[in-house]
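J.: Below: one structure in structure tokens.
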Amino acid sequence: MSNSTIGIGLLGMGVVGGGVATVLDRNREQLSALVGRPLELKGVLVRDASRPRAHQLPAGIITTDPREVLDRPDIDIVVELIGGQDPALEYIMKSVSLGRHIVTANKEVMARHGPDILTEAKGKGVQVLFEAAVAAGTPIIAPLLRDLAANEIIDIHGIINGTTNYILTRMANEGADFNDTLVDAQNLGFAEADPTNDIEGIDAAYKLAVLATLAFRARVKGTDVYHEGITKLTSRDFLHASELGYAIKLLAIAERADGAVQARVHPALVPQSMMLAKVDGVLNAIEVQADLTGKLLFHGAGAGSMPTASAVVADIVDIARNVAGNSVPPSNLTLSDSVSVKPISELETRYYIRLTTADRPGVLAQVGRVLGDLNISIASAIQKETDEVAQSAELVLMTHLSSEAAMQTAIERLEALDVVADVGNVIRVEEW
Ligand SMILES: NC(=O)c1ccc[n+]([C@@H]2O[C@H](COP(=O)([O-])OP(=O)(O)OC[C@H]3O[C@@H](n4cnc5c(N)ncnc54)[C@H](OP(=O)(O)O)[C@@H]3O)[C@@H](O)[C@H]2O)c1
């Protein structure tokens, strides 16, 4: 084994960066043996150098000046763990231009700029790996890129946001209210002080853009992914779904459809018998259906210092072995420009509809006429509860396969009916 080290530069030493520094230190010998040369942390960029760190670094390597990491010629691999777009993207692009290999856990940067970064890296002959950007330590990027390379991917259904899955699990199991559960999740550290990206489905949309790009070899950006959050779900939806034999999950779905790709994140009724319906708490799970393998399930932790460090360090080892062997493998990702992304309006699926209506004869006929005029046929209708004082009733409908465009028009027309006090919720039903 050569004694000359492979230099690592860390950008960011928070939850994940701290875990990476710990693993590089604790597993030093094992990693050196795998790579054939020692790995050495040579520079660590942070925002506030005076902040106490859980992991003790050798003297003199922590800095707040990006040039002290980015411009060091003895750093072979830059590991970006700052998060967000700015300044992470700029640092990644600069490092690529200087011929440094990149490891990142940044879903936002990869969802918005991944194809551009990969093209630039290809030109420079450097590797960019990002296993931790989706589902943290649960492998999904490498399987899509390598292990499933002989397959055509048919579809992906995933639970890829632990915060929302925790909230939905509590709402389902305890009949808990959304706002109360969100506060609990924040107190337990499962949700951030500003939870918008999680609860509005933005975080999952970024991750799905990354997965869809790899699965379908298409340029799918975060903005191409339709997203709808979980804030409109109520305990009543969980009650009705459960009685009908369904769980409610925030699903990230990408599928090939007529030569195009459809990618969407939204709450969905999932039959209780399906694997994803049973994935509870902060865990992540991604079901991939491919033509040769059939269905596969990747299931595990989707966050946390050590699970995420596991994926980041595996990427470092992968690149370091190539640096040690002086060979950069050709990129195994060629993206097609001809695959378009279908808008959500072209979706066909089944729907659950919860309405508060007047409690008098003829209501179902009026509702049925609105739906029938739009070619939406009702599979079942249940009047759930009546409020004698308000003279109102709750009506739960399940439709057959219908068009999303028609459903959006139906919601507007239902809201305009005198007999409908409120369209409580409309949730897509997913069975695959
Ligand atoms: N946390 C997880 O479980 C998890 C899971 C999967 C993927 N990820 C991804 O991993 C990345 C890092 O997440 P994290 O949870 O470790 O974040 P974090 O705890 O907030 O750490 C961010 C680090 O970046 C540094 N930093 C922030 N802005 C900076 C700037 N302008 N210049 C220099 N340094 C800056 C911070 O410095 P200070 O320490 O001085 O503040 C901190 O060390 C993100 O892309 C995230 O999406 C995280």
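J.: Among the residues of region 154-181, count how many are part of a helix (DSSP H, G or I), within 17 Å of ASN284 (Cα to Cα) and of a type outside the set (Gly, Ala, Ser).
T.: 8
J.: Could you list, in sequence order, all residues of region 249-272 that are outside any strand (DSSP E or B) and in contact with a Gly (Cβ under 8 Å, 6 or more places away or on another chain)?
T.: Selection gives GLN272 alone.
J.: Which of the residues that make up region 117-133 are more than 12 Å from the ligand (Cβ to nearest atom) and assigned to a loop (DSSP other than H, G, I, E, B)?
T.: Across region 117-133, the qualifying residues are GLY125, VAL126, GLN127.
J.: Sort out which residues of region 94-116 are part of a helix (DSSP H, G or I) and within 15 Å of the ligand (Cβ to nearest atom), and write them in order of number.
T.: Scanning region 94-116 gives LYS94, SER95, LYS107, GLU108, VAL109, MET110, ALA111, ARG112, HIS113, GLY114.
J.: Okay, next question. Only helices (runs of 4 or more DSSP H) wholly contained in region 1-85 count here; list those with 3 or more residues that are at negative phi and within 16 Å of the ligand (Cβ to nearest atom).
T.: Here the list reads 15-26, 67-70.
J.: Moving on to the next point. Quick check on ASN173: is it closer than 30 Å to GLU385 by Cα and surrounded by fewer than 16 Cβ atoms within 10 Å (Cβ to Cβ)?
T.: Details: closer than 30 Å to GLU385 by Cα: yes; surrounded by fewer than 16 Cβ atoms within 10 Å (Cβ to Cβ): yes.
Yes.
J.: Go through the residues of region 108-118 one by one and say whether even a single one is modelled with pLDDT under 95 and within 17 Å of ALA254 (Cβ to Cβ).
T.: yes
J.: With respect to GLU40, determine if the residue is modelled with pLDDT of 95 or more, in contact with a Leu (Cβ under 9 Å, 6 or more places away or on another chain) and under 30 Å from GLY222 (Cα atoms).
T.: no
J.: Go through region 357-372 and give me each residue that's surrounded by fewer than 18 Cβ atoms within 10 Å (Cβ to Cβ) and free of Cβ contacts under 8 Å to residues at least 40 places away in the same chain. Lay out the reasoning, then the answer.
T.: Taking region 357-372 first, the residues surrounded by fewer than 18 Cβ atoms within 10 Å (Cβ to Cβ) are 358, 360-362, 364-366, 368-369, 372.
Across region 357-372, the qualifying residues are PRO361, LEU364, ALA365, GLY368, ARG369, GLY372.
J.: From the list VAL341, VAL367, VAL312, exactly one residue is closer than 25 Å to ALA205 by Cβ and at pLDDT 95 or above. Which is it?
T.: After ruling out the rest, the residue left standing is VAL312.
J.: Just the residues that are more than 29 Å from the chain's Cα centre (by Cα) and surrounded by 11 or more Cβ atoms within 10 Å (Cβ to Cβ), please, taken from region 34-57.
T.: LEU34, VAL35, GLY36, ARG37, PRO38, LEU39, GLU40, LEU41, LYS42, GLY43, ALA49, LEU57
J.: Of all the residues that make up region 206-244, how many are more than 13 Å from ILE156 (Cβ to Cβ) and either in a helix (DSSP H, G or I) or among the basic types (Lys, Arg) (or both)?
T.: Number satisfying all stated conditions: 18.
J.: Between ALA150, ALA136, which is surrounded by 22 or more Cβ atoms within 10 Å (Cβ to Cβ), in contact (Cβ under 8 Å) with a residue 12 or more places away in the chain and outside any helix (DSSP H, G or I)?
T.: After ruling out the rest, the residue left standing is ALA136.
J.: I would also like to ask the following. Going by what's in this entry, would LEU297 be described as without any contact (Cβ under 8 Å) to a residue 24 or more places away in the chain, surrounded by fewer than 16 Cβ atoms within 10 Å (Cβ to Cβ) and not hydroxyl-bearing (Ser, Thr, Tyr)?
T.: Here the answer is yes, as LEU297 does meet what is asked.
J.: Of everything in region 225-240 that's more than 17 Å from ALA204 (Cβ to Cβ) and touching a helix residue (DSSP H, G or I) at 6+ places or on another chain (Cβ under 8 Å), which residue is surrounded by the most Cβ atoms within 10 Å (Cβ to Cβ)?
T.: PHE238
The values are calculated or read from the model by the stated rules, or taken from the named source; none is laboratory data. Quick caveat: nothing in here was measured; it's all calculated off a predicted structure. Cβ sites come from the backbone with ideal geometry, for glycine too, and all protein chains shown count toward neighbours.
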